[in-house]
Each structure stands twice: as C-alpha cells, then as structure tokens.
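Here's the structure, in structure tokens; my notes come after.
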Amino acid sequence: MNQKHGPNWVWLAVGLMIAVVMWLPVWFALTAMFVILFSWFARQLSGSLGGKIDEVMSFGKSRAKLLREDGARVTFEDVAGVEEAKEELLEVIEFLRDPSKFTKLGGRLPKGCLLIGPPGTGKTLLARAVAGEADVPFLSIVGSGFVEMFVGVGASRVRDMFAEAKAHAPCIIFIDELDAIGKSRSALSSHGEQEQTLNQLLAEMDGFETDQGVIIMAATNRPEVLDPALLRAGRFDRHIIVPLPDVNGRKAILEVHARKIQLSDGVNLEVVARSTPGCSGADLASILNEAALFAARRQKKAVDSSDLEMATDKVIMGMERKSLVLSAETKRTTAYHEAGHALVAKFTEGADPVHKVSIIPRGMALGVTQQLPIDDKQAYTKAYLEGQLAILFGGREAEKVFLNQMSTGAANDIEKASEIAQRMVEEWGMSDAVGPIKWSSAFRHSFLGTQIPERVKNYSEETARKIDEEVKRIVSEARNRAENILKERKQEAMLIAEKLLEKETLDGAEIDEIIKTIKG
C-alpha cells in the first residue's frame, strides 16, 4: 500500500527554534543599538527645537536686562566730572526713595530724563548711579534691541518692558542710544517697524503716571535727530547735558579710577589731567589701565609717572612704532619740522605752553609737538586762532627755511589750518570783508563732531569768491608769521632740531634751556 510522505513538521519546528535561539543575541544587539541611536537623536532634536521654540515664543518679549544693585553697586561716588548733572538727578533719587513727598503737594516729577553728551562721558554710568543711590532695580536696554525685521515686534517689546517695569516698581527704565528708535518721523516715511516702535513708546509714556514709581531715562549723542514728540512736556522733557570734563573734572575722574590701581608716591594726576584736554571719562579710564599694563610688563610694584606718560601718548597719539625704521633724511626732515612747530609756539603770544616734542613715530604721525593748555578754553578769540594757524604752519615753513624743501608731512597741518580758516570766515564772523554772517549751511553734529557737507550753496558766486579770498588771506598771513619767527630764531630752531636728532624727545624745560643758551 503506497503512503504519501509530507513534510515533517516536527523537525521543521525544531530547526526553526534552533535558528531563533542562535540569532537571538544578534537581534537583541541590533535592537539595543537602534534604541540608543534613536534616543540620542531625539535628545539632540529636542534640545535644538526646544531652544528655537522658546526663542520663537519669546520673540515679542522685552530684551531689557534687569539689574539689581545688590553686589557691585554704583553710586555717585563712582561718577566724577559731571557735578551739574548729578545735582539735577538728585530730585529723581529723592522721588524714587519717597514718592509721597512730591505727590502729597500735587506736584509730579518729569516722566523722562534724557542724558545728552558725547560718547564716553559716562551717561550709562550716571543712570546706574541713580539706581544705586535710590536702591531700586535698573531695567536696561539698547535702542536697537526693540527693532526687528518683523513689523509689530518692537511695539510688543515696548509693551512688555513697561509691564515688567511696573511689576518691579519703583524702578528705572534706561534706554541707551535712544536715537536708534526715536528718529524724527516725516511725511514721506512709511509705517515700518521703527515708526511703530516709536509710536508705542510715545503711547506708553502717556499711559502711566509717575506715582507708579517708574522713571524713564535715556541717553543719546544725537539729540538733533530725535522726534519732537519725544521731547515735549510729559515725556523726555528734562534734558541733562553730560559734557566732556574740564581739567578739574578730569582730575576727579582719574582719582576715581585710580582707586583700583597702585600708584607710586610721586605720581601727580593733575599733570595727566592737564595733558588730556578733550578726553572723555572712558579715555581717562583707558589711560590708567594702559599705565597699569605698562608697569606690569616692566615688573614694577606701582605705576609711576613714566608709565602714565607712555599711556597718555598711546591713547591720544597711538602706539610707538618701534618696527618703523626711518632713513637719516626722513628723520632729519621730521626733526626740523617738529622744531618749527615748537619754536613758533614758544614765540607766539597767547599760545599754550609746549609740553613735549618728539620724533618717535606714533600712529600715523612721524613726530609730534604736544602743547599743554593752562586751562580749558570754552571760547576761542580771533588772536588765539591766528596763533594756532601760525603754529600749524611752523613745521612746513621750517622745512622750507632750513632744508629748502617741502614734504607730505605737512598734509595734516594744512588740513587743520584750512578748516580753522574756513570756519573763521563762514561760521564765526571773523572776516570784515564778508561780515558776521553764517555763510556755510553744512550741518555739524553737536557731540559727534562730524560734518555733513552742504549740497547747494546758499550764496552768490561773488560771495563765494570773497570767502575764498579771505580764507587764502588768513592762511597766507599765518604762514608768513611762522616764516618770520623762524628766520629771526634760526639758531634756536637748528639747535632744537639737532637735539631732537640726538635724544628723539625733548620736554618743555629742555626747550626753554636751549633758548636761554642762545640768548646768553
């Protein structure tokens, strides 16, 4: 009898089980590796997306930083050289300490205080000192921190900033570089992000009262570009000028920054203050820091006068260019050039005393003649300006008189002299031929010093010709004055130049000694 032999299912099942048992460790290993890789990628993706999501969700939130003066507290003792500004802000401090003192009589303090001044004069530091004196939180933001490419974000951040300030009241809101969002609007301007941000700021300043304990302070060095609506009564109506410090202010600033620096006994900060006219508080802090670095490199135990002298030269004129090797001819030209400046300054009535003459290259200059003003001048007389023009031409004329040549070293002197003479005629009314009329329509920034050239002259060709003639006359008279002094003092000029070639640097006392020797 025939039988059909089908597959032996028992042996098939046994073989399958054996295969599963043999491959089971491999499957477990592959599964574990997949789980580990998946978990790692998930964590990375979660962290990245989480940060992006948080950033997107907080896009319209304020970027203002809340600073509590618990640790490094800044007070008026840390701010010097701006005594008038400090006096104006005392009222704000009293209000933050005790608002009821003002409100019970029906008075109200200005909502906004606008600090106006050149860069580096301490406007931000002054605002922090107000918060430190009043012992209140300090909410700080830069004007550009409001503006984004998306319309409406800046306005949202303004609203959030004021809400945060009210939550921490009493406090101070400080907006640095206010001109970034407060530029004047015009009929041609579009309703863009900057304008919407400004509108929201104006609305918020109208929407809260000073009895809520929030004071808004802002800083700018371009007040001329601000929108009039920001400056009206009820907004930034208290304007506080923070100017460049005078000689007494510079000395006080140096004393504040010198607290953290070990100075030797012979250091006289008044000399440094007198030798840094036009320097801001930031410049003076940099000078003391550079002096400390110079002393550290020389392994000194304290900063002395030589370190401060080197630091002053570096900050004002640039680092000494030791790698620049001058030829004998260039060095001689530079020596006579600087000797000409120094000698004309010595024999020009009313000129500032000569402090130092050097032919060591610094920055872009091959040499320098430094004068030390007795006091800071707030206004310049015509006689003083004419003397300055003669001093500027002293270097060029010395090259002509003693070396019978002219060089490009006088380029900067000619540029400065031309600007002074131009302004004497066009702006300061110091020419009888054209009269006391402001002929120039070029715009000059009050605190930045830069000038926007005029596009169209607002006077006739005849007036333009007179202006050119007067500028040329003033320059020619100054040049002739310098030439006459040098020809009369040939021996002094030659000896000063030879001493410069020998020593490279002469101070005012050494130059006086040379002149006395010739006279004797």
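Read-outs: derived from the displayed coordinates by stated rules, not from any lab. Quantities reported herein were computed from a predicted structural model and do not represent experimental measurements. Counting neighbours? That spans all protein chains shown, and the Cβs are built from the backbone with ideal geometry, glycine included.
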I need the shape label for region 247-317. Rule: rounded when a/c is under 1.5, else prolate if a/b > b/c, else oblate, with a, b, c from the alpha carbon gyration tensor.
prolate
Quick query: amide H of residue 241 versus all other amide H atoms, modeled in the peptide plane; which residues come in under 5 Å with a sequence gap of 5 or more or a different chain?
116
Under the Kirkwood approximation for Rh and a Cα-based Rg, what ratio Rg/Rh is obtained for region 328-519?
1.01
7 Å from Cα along Cα→Cβ at both residue 40 and residue 271: what's the point-to-point distance in nm?
6.6
Residue by residue through region 114-128, the couplings from Karplus 6.51 cos²θ - 1.76 cosθ + 1.60 with θ = phi - 60°, in Hz, x for Gly and Pro, are 9, 8, 10, x, x, x, x, 8, x, 5, 5, 4, 5, 5, 5
Of the listed pairs 331/416; 123/300; 466/490; 346/503; 356/487; 111/260, those with alpha carbons more than 26 Å apart are 123/300; 466/490; 111/260
Packing rank of 170-176, 425-431, 293-299, 491-497, where each peptide gets the mean count of other beta carbons within 10 Å, highest leading:
170-176, 491-497, 425-431, 293-299
Contour minus Cα-Cα span, residue 330 to residue 259, at 0.36 nm per residue, comes to 21.2 nm
Pairwise label distance in nanometres, residue 105 with residue 487, each label 7 Å out on the Cα-Cβ vector
7.1
Where does each of 34, 236 land when they are ranked from fewest to most other beta-carbon atoms within 10 angstrom?
34, 236
Using mean Cβ contacts within 10 Å as the protection proxy, how do 86-94, 245-253, 127-135 order, highest first?
127-135, 245-253, 86-94
Output the peptides 383-394, 270-281 sorted from most to least packed, where packing is the average of other Cβ atoms within 10 Å over each peptide's residues.
383-394, 270-281
Taking θ as phi - 60°, what are the ³J(HN,Hα) couplings along region 155-162 by the Karplus curve (6.51, -1.76, 1.60), each to the nearest whole Hz, with x for Gly and Pro?
4, 5, 5, 5, 4, 5, 5, 5
Given R₀ = 25 Å, FRET efficiency for residue 231-residue 379 by Cβ-Cβ distance, to 0.05?
0.40
